[in-house]
1. If Lys and Arg each add +1 and Asp and Glu each add -1, what is the summed charge of the other residues whose beta carbon sits under 9 Å from the beta carbon of Ala191?
2. Measure out, as a whole number of angstrom, how far apart the alpha-carbon centroids of segment 44-76 and segment 225-260 sit.
3. Above 18 Å lies some portion of the pair distances; for segment 190-278, what is it as a whole percent of all C-alpha pairs?
4. Check cross-link reach from Lys723 to the lysines: straight Cα distance under 17 Å, and skip same-chain residues fewer than eight apart.
5. In this model, which of Lys67/Lys645; Lys67/Lys577; Lys152/Lys315; Lys70/Lys622 are farther than 23 Å apart at the alpha-carbon?
6. Could you sort the peptides 483-493, 201-211 by per-residue average Cβ neighbour count (10 Å cutoff), highest mean leading?
7. Quick check on packing: order 643-650, 424-431, 409-416 by the mean number of other C-beta atoms within 10 Å, highest mean leading.
8. If Lys and Arg each add +1 and Asp and Glu each add -1, what is the summed charge of the other residues whose beta carbon sits under 11 Å from the beta carbon of Thr245?
Amino acid sequence: DSSPDSGLLANLNPPQHQAVTLPARSALILAGAGSGKTRVLTTRIAWLIATHQVSPHGILAVTFTNKAAKEMVTRLGALIPVNPRGMWIGTFHGLCNRLLRAHYKDAGLPQLFQILDSADQLSAIKRLLKNLNVDDEKFPPRELMHFINGHKEQGIRANRAEAWDDYTRRRVALYAEYEAQCQREGVVDFAELLLRCYELLSHNEPLRAHYQARFRHILVDEFQDTNRLQYAWLKLMAGFEQRATDAPPAAVFAVGDDDQSIYAFRGAEVGNMREFERDFAQETVIRLEQNYRSHGNILDAANALITRNRDRLGKTLWTDAGAGEPIRVYEGMSDLDEARFVVDEIRELVRDGTERSQIALLYRSNAQSRVLEHELFSHGVPYRVYGGLRFFERQEVKHALAYLRLIANPDDDTAFMRVVNFPTRGIGARSLEALQGVAHTTNSSLYNAAASLTGKAGTAVAAFIRLVESLRQETAGLPLPEAVEHVIERSTLRQHYLGEKEGQDRLENLDELINAAANFDREFAGGEITLDGTPVNGDDLGAVLAAFLQHASLEAGDHQAGAEEEAVQLMTVHAAKGLEFDVVFISGLEQGLFPHENAVMEEGGLEEERRLMYVAITRARKRLYLAHAQTRMLHGQTRYCLPSKFLEELPEELLARVNSVASRETAYPGWGVSSQSKWNSALPRSEGRGAGMTGATASATPAFAQEGPGKGLRIGQSVKHAKFGTGVIVAAEGRGSDARVQVNFSGVGVKWLALEYAKLEPV
Ligand code: ATP
Ligand code: MG
């Protein structure tokens, strides 16, 4: 067969082939991890173009991360002889940003609007509350942020938000004030990017007609994690809602896996998968059941784990790759010990020829990376912290960026507040309050209000304004990296950190910011720097800077370590979605950490944690390590930990324990190690199932083993407290007189109690 597409389709199994070559109608590909969803989606784009069914111009593809978008572009470049760079491939946020940049006037935004990440947003909200003299104990900023974002994600503006009580009415009013503040400052938060874009299309018929007619094929990866607003955005863009053109609706090709839905906390809805059929006139559902990624033991473990979830759309995965190695389980005496083990193994793997980039270190929470990083660093193992908002979230980096942002846009009050007194120049909270007052009454930015400030404060702020003005002039003709360096020097940021106790790290981060600017300059130079998709003049610092800042906000975290270096990959499980590695370590498998303590008490929380564990396990191709520690530093104190419930849920015959029982015995005399009782469950009784739970009831935590045997207290036990009433023990820590238990009381909720004083009675 010598048709143009024969090569493209050669390495597909029959259902994959069918999916790639489906007619131009909406279709849903529902399939488990590693079954080739992303590959099918990418191949379909190539096939559609190669067979001239659509021009690259008519394709819109949504990926979940910027990295995934880049990868897709690279893969497409290899598959078809067109330059996919100009294609609309990106995240929802990235695509919306691009659209808003192109139509900023219609969207009611300044040309160089800045994007607030969640930390920026939080400080903007704090500032707002202060300005309005609102008690932030009564209206906690973080909660208000969730309130606002939650509404935006449902497409609800302040003027349409419902409120049935005074408290909610106040919050809605604050939401409205926040909207006004953002508009005044020309800044846009993440949720706003989407909502603004949705409204732009929805209100502007010619624009809507243009895009609805243009995008003939819309392809969505990781569909299970789309939220309400993203779903509505897709419907609108595809022309299944408010169609403004004669062209038929676009063909929407969605791929997803309900078992990998891990963003419920962010408003993602698996229900979307059920509604897809109706809303997008979908005719075909294709299931892919062969897994090409993982060896059998790994897949069996993943399958065994996920069957414990209820309410699944249900699918099975098989592989012909063979069982492979057993899953290695390591129990460290401490988090340090755990990290040492992990890094020792990594070094051995690398010695034996495994590429570092094929090794991933996954953890549930970002903070866990520090110990691992430290251990990797001290052994000189190159690593990269991947994903999340890490690099650009670091304080010193944000300070430097704030100066740059003020150069780009003086009205950016968030940036202003961040550095007006950093490094300190004697501008106190009082003066800033006065300044905010002036800005508020004159309805202008802080920068503009500064002129009308008098007295000592006025002098100090005026000096700051002069500094920013001269920074703007001095950097005007410079290449981006030199401009960044200049700002770091002249703002005295570098000097400041030179004098700080732990300044070394920060200085390195500042240097890395210059590297990031240099990389950015190099990568996109030569006519390839784009802002809103149109090339900008590389000699115009203002425009390059805006593009860089935009890049920094959107791609936070991606550019931190030597990007090209062969490095071990560190990331949260969330950030690992869609990726694969020969070797995967999952560390910190302890109750409270993974599953996360916040999730355990929430409705559906445990199931979401289990899906997260499923995602983690299914990243591994050949070898999987599961590690946990008996103690861990938390808020500067040693905490005793119980192994994760998820370890207990894996079939024992798939596991190999790679540390000796002896080390455990010396660490904790009295720790139960018999095979059935070694895992404790920190879950309310209703969550328990079958043998696992029976096993758990037979054992006790170290604390209990010594302190409470006579009382028969254990995790999962119902107890009675004189004041709080009845509840269930869900966790324990410490020993002797330090022993504490966490009890979920039916009346008053979850409380930690000192065992010595609480006088808990079993019921
Ligand atoms: P996830 O749910 O984790 O996102 P996925 O379903 O998107 O996984 P892919 O990443 O597309 O799966 O594919 C998993 C691996 O299997 C990739 O390395 C891919 O190249 C490979 N693969 C997929 N289909 C085939 C095939 N027919 N033949 C050989 N390898 C394949
Ligand atoms: Mg995928």
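1. On the way: positive: Lys152; negative: Glu153, Asp189, Glu192.
Summing Lys and Arg as +1 and Asp and Glu as -1 gives -2.
2. That distance is 17 Å.
3. 45
4. Answer for Lys723, where 17 Å is the Cα cut-off: Lys751, Lys759, listed by chain and number.
5. Lys67/Lys645; Lys152/Lys315; Lys70/Lys622, as the Cα separations exceed 23 Å there.
6. My ranking of the peptides, most packed first, is 483-493, 201-211.
7. Output ranking for 643-650, 424-431, 409-416: 409-416, 643-650, 424-431.
8. Net charge around Thr245: +1.
Values quoted throughout were computed directly from the atomic coordinates according to the rules given, and no laboratory measurement underlies them. It should be emphasised that the depicted structure is a prediction, and the values quoted were computed from it without experimental measurement. Please note: Cβ atoms are built from the backbone with ideal geometry, for glycine as well, and neighbour counts cover all protein chains shown.
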